[in-house]
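Engineer: Dropping a structure here in structure tokens format, bear with me for questions.
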Amino acid sequence: MTGGPPRPYSADAELAESGARRISYSQRSMPLLEALAARFRADRPFDGMTVAACLHVTAETAVLARTLRAGGAQVALAASNPLSTQDDIAAALAAGDGVAVFARAGVDRRTYYEHIALALGEYGATGPDLVIDDGGDLMNTLHDLLPRGNVSPRGDGLPARGTPAPRPPRPPGSPRARRGSPPPRTPLARTPLGGCEGTTTGVLRLRRMAAEGALAFPVIAASDTPVKRLVDNTRGTGQSVIDGLLRASGVMLAGKVVVVAGFGACGTGIAECARGLGARVLVTEVDPVRALDAVLSGFRVLTLAEAAPIGEVFITATGTAEVITAEHMAMMRDGAILANAGHFDVEIDVRGLEALAAVVHPDVRPHTDMFELPDGRRLLLLAEGRVVNLVAADGHPPEVMDLAFGIEALALAWLAGNAEKLTPDVHPVPPDIDAEAARLVLAALGADIDSLTPAQRAYLASWHLGS
Ligand code: ADE
């Protein structure tokens, strides 16, 4: 890099004003974070601590940042996707909330990683106490920045910290492979206490790191809680992916043949939402249990090769690479729409599509590129194959992120006081936190629930009582 380190985002006042208005709007639908901010203001769980975050820079993320600030944290924020940053939100956070924001919409791959390194405190700072990640790019960058030979303070014989974390294999033809390499890095002075990861994709990466002994500190897998799975992965992804698909493509879904690749929690939500709008939904899967779930939920299950010539809209939600290949695309109907809901842009072979096309018509609509094949068929790619709900729409609605981020804020506060008790591994969210988050939201919504009676407790505690 030339000319010294880039500085945190600073933007014009008009942009910041619009961002602040949108943050306030979202904040009204985030009662859990509001309750936690009040609690944190009193308890100050993060006093004197720095939290480095790598998250989609949205109004909902801004509310989380404010909540952490209320607990006494210094917050540094980088984006978790080069296309999802909402610049007005970044400007508002930087201008009004004292957050060090390193994010700008549309940056190239090199700048994207540079921003993450900056949020981690490269260029002189000691490094964060706590981290919160969405997808694993921050964890990877951080492990590259840790000083070699930095051994666990517990003296537990675990592998030396700072072992460079393996990067996930980049599939041949990945669009990410085409854009510059990350810059050289300056090591951080210390290892964070702990971290939190919000996505299934990121947790899978962390588990691979932990299995190789490369994970240097404990991380809580926030994506694995029942509440998050139910509300965020299924409901949030279902609604917001369809939102992105409709905003980008402008098509009517009723009557369309929609192929959903992957029937995990996210794919389930997408399939259900598309069906709710009248689409005829087909599902492809590699896991027999999930495939059975899809069949029993009333969806036709088939292979992608079978679905390719039939589908009118294809949505990937698998978390793996090379799901829709050039061979599939070569079989597709004129006007087929391709969208990805997975965290990384590896599920649709964009390079293969480019190679297949005779002519590319970029931006036929915002976030829609049209690829014309030599025989005249046209395929439409949304959001460059990146996560469509955050690139072409606003991501999950605030009600969803309230719960997801509420769980992560509680987990971070718990880590602030307890991380030293944990081994450097991937840990579940402490069970009380899930129930507490659900209880706080129910209270905010004015919904009361019953309690077990003493007799019911005794019944549940005993194995002697039958019919
Ligand atoms: N991930 C999915 N939706 C999101 C949102 N609205 N804000 C931040 N991260 C998200």
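Engineer: Among the residues of the stretch 333-358, what is the count of those that are assigned to a loop (DSSP other than H, G, I, E, B), touching a Lys or Arg at 6+ places or on another chain (Cβ under 7 Å) and open to solvent by less than 40 Å² (accessible area, probe 1.4 Å)?
Structural biologist: Of the residues in that region, 2 qualify.
Engineer: Hey, could you check the stretch 8-30 for residues that are assigned to a helix (DSSP H, G or I), away from the ligand (no atom under 16 Å from the Cβ) and touching a residue at least 12 places away in the same chain (Cβ under 8 Å) and say which is most open to solvent (accessible area, probe 1.4 Å)?
Structural biologist: Here the residue is GLU17.
Engineer: Take THR234 and tell me if it is in contact with a strand residue (DSSP E or B) (Cβ under 9 Å, 6 or more places away or on another chain) and either open to solvent by less than 30 Å² (accessible area, probe 1.4 Å) or within 14 Å of the ligand (Cβ to nearest atom) (or both).
Structural biologist: no
Engineer: Hey, does the stretch 204-225 have a residue that's of a type in the set (Ser, Thr, Tyr) and within 17 Å of the chain's Cα centre (by Cα)?
Structural biologist: Within the stretch 204-225, the subset of a type in the set (Ser, Thr, Tyr) is 223, 225.
Keeping just the survivors that are within 17 Å of the chain's Cα centre (by Cα) gives 223, 225.
Among the residues of the stretch 204-225, at least one is of a type in the set (Ser, Thr, Tyr) and within 17 Å of the chain's Cα centre (by Cα), which makes the answer yes.
Engineer: List the helices (runs of 4 or more DSSP H) that sit entirely inside the stretch 44-125 and contain at least 3 residues that are touching a Lys or Arg at 6+ places or on another chain (Cβ under 9 Å), within 14 Å of the ligand (Cβ to nearest atom) and open to solvent by less than 10 Å² (accessible area, probe 1.4 Å).
Structural biologist: The helices (runs of 4 or more DSSP H) meeting that bar are 87-96.
Engineer: Regarding CYS273, is this residue within 16 Å of the ligand (Cβ to nearest atom) and part of a strand (DSSP E or B)?
Structural biologist: Working: within 16 Å of the ligand (Cβ to nearest atom): yes; part of a strand (DSSP E or B): no.
When the stated conditions are applied, CYS273 does not pass them.
Engineer: Sticking with this structure for a sec: When only residues in the stretch 359-372 that are touching a residue at least 60 places away in the same chain (Cβ under 8 Å) and surrounded by 15 or more Cβ atoms within 10 Å (Cβ to Cβ) count, which is farthest from THR199 (Cα to Cα)?
Structural biologist: Step by step, filter the stretch 359-372, then rank; the result is THR368.
Engineer: If LEU245 satisfies every condition in (1) closer than 17 Å to LEU412 by Cα; (2) crowded, with 24+ Cβ neighbours inside 10 Å but one, which is the exception?
Structural biologist: (1)
The values are calculated or read from the model by the stated rules, or taken from the named source; none is laboratory data. Note that this is a predicted model, so its numbers are computed, not measured. Counting neighbours? That spans all protein chains shown, and the Cβs are built from the backbone with ideal geometry, glycine included. Only protein heavy atoms, including side chains, enter the accessible area calculation; ligands, DNA and RNA are left aside. Shrake-Rupley method; radii C 1.70, N 1.55, O 1.52, S 1.80 Å.
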